[in-house]
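The structure appears right after this line, and notes come after that.
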Amino acid sequence: MSQRYEKLFDSLKKKNEGAFIPFVMLGDPGLEESEAIIETLIESGADALELGIPFSDPVADGPVIQASANRALERNVTPDECLDLAAGIRAKLTKNAKNADIPMGLLVYANLVLGKGLRRFYVRAAESGIDSALVADVPTGASGPFVRCAQEAGIAPVFIVPPNADDGKLREIAGLTKGYAYFLGRAGVTGADREMISPVSSKITLLKDAGSPPVVVGFGISRPEHVRACLDAGADGAISGSATVAIIADNLGDAKKTRQELSRF
């Protein structure tokens, strides 16, 4: 279920490094371009991938990622096509000894999961080489069926850790989340244009003391100093979404420049 994550974080810990995990929307700006973008991220050194499935009402996302989802939806990209794309990438990775074990996680919304049927969605994701799934709009109190079906299929259920969570909520999330815990760098929606708050070291420590898997910070991660602040606070890595997606948006129609800028980033 989370063996690829365990292997990744164990390897990075031995090297005293943290994980850098870019987010992109599957199917943006098209299926072929999306595949090339993801391959570029892998070749450029991404430690893991967080992949979105386009949805019409992404309540946790800011305007940059909403626009990314809209571009994919305008191309009529479907969830099945997204999982087919992930499967193709995993098939290529298995032939590459260097990158064969890169973890791939999904960030999705409940309607997409329920629309296919809980068990069917997670089985399909596992068959596509996906390692984890974060269902952004499902709170811990309603997560039981999602967690059970995910674990039965071999998918690690990932949960968001709000920066204002009290000790009880931190312990609850530590017991539920697998693969990694997604600690919010700030409250609100995604967006590279809004400053990350300094991660609260004591909360990350409490999460780990409660048995949480590695802690990764997201929301507002757009500059190297943000990543350094996360690691200094005790996090095991950082996720960058809006900043990555903005590069795609800024270079629409120029696939070569898109890949160059993503590689540089």
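Here are a few things to note about the model shown:
- Accessible area, probe 1.4 Å, largest first, for residues GLU6, GLU50, GLU261, GLU74: GLU74, GLU6, GLU261, GLU50
- Square roots of five times the Cα gyration tensor eigenvalues for region 83-236, Å: 26, 20, 15
- Residue-level accessible surface for PHE9, protein heavy atoms, 1.4 Å, Å²: 20
- Under-5 Å amide H pairs with MET25, H placed in peptide plane, nonlocal only: GLY52
- Whole-Hz couplings from phi, Karplus 6.51/-1.76/1.60, listed for region 103-108; x for Gly and Pro: x, 10, x, 9, 10, 9
- The heavy atoms of LEU231 present about 50 square angstrom of accessible area, all protein chains included, probe 1.4 Å.
- For ASP47, the amide hydrogen comes within under 5 Å of the amide hydrogens of PHE20, counting only partners 5 or more places away or on other chains and with H modelled in the peptide plane.
- For the residues ASP61, ASP166, a 1.4 Å probe over the protein chains yields an accessible-area ranking, largest first, of ASP166, ASP61.
- Checking the cross-link pairs LYS13/LYS257; LYS178/LYS203; LYS14/LYS257; LYS15/LYS169 against a 23 Å limit on the alpha carbon distance flags LYS13/LYS257; LYS14/LYS257; LYS15/LYS169 as lying beyond it.
- Most mobile of LEU12, LEU106, LEU41 in a GNM of the chain (Cα contacts under 10 Å): LEU12
The values are calculated or read from the model by the stated rules, or taken from the named source; none is laboratory data. Here the structure is a predicted model, which means the values were calculated and not measured. SASA here: full protein model, heavy atoms, side chains in, ligands and nucleic acids out. Shrake-Rupley method; radii C 1.70, N 1.55, O 1.52, S 1.80 Å.
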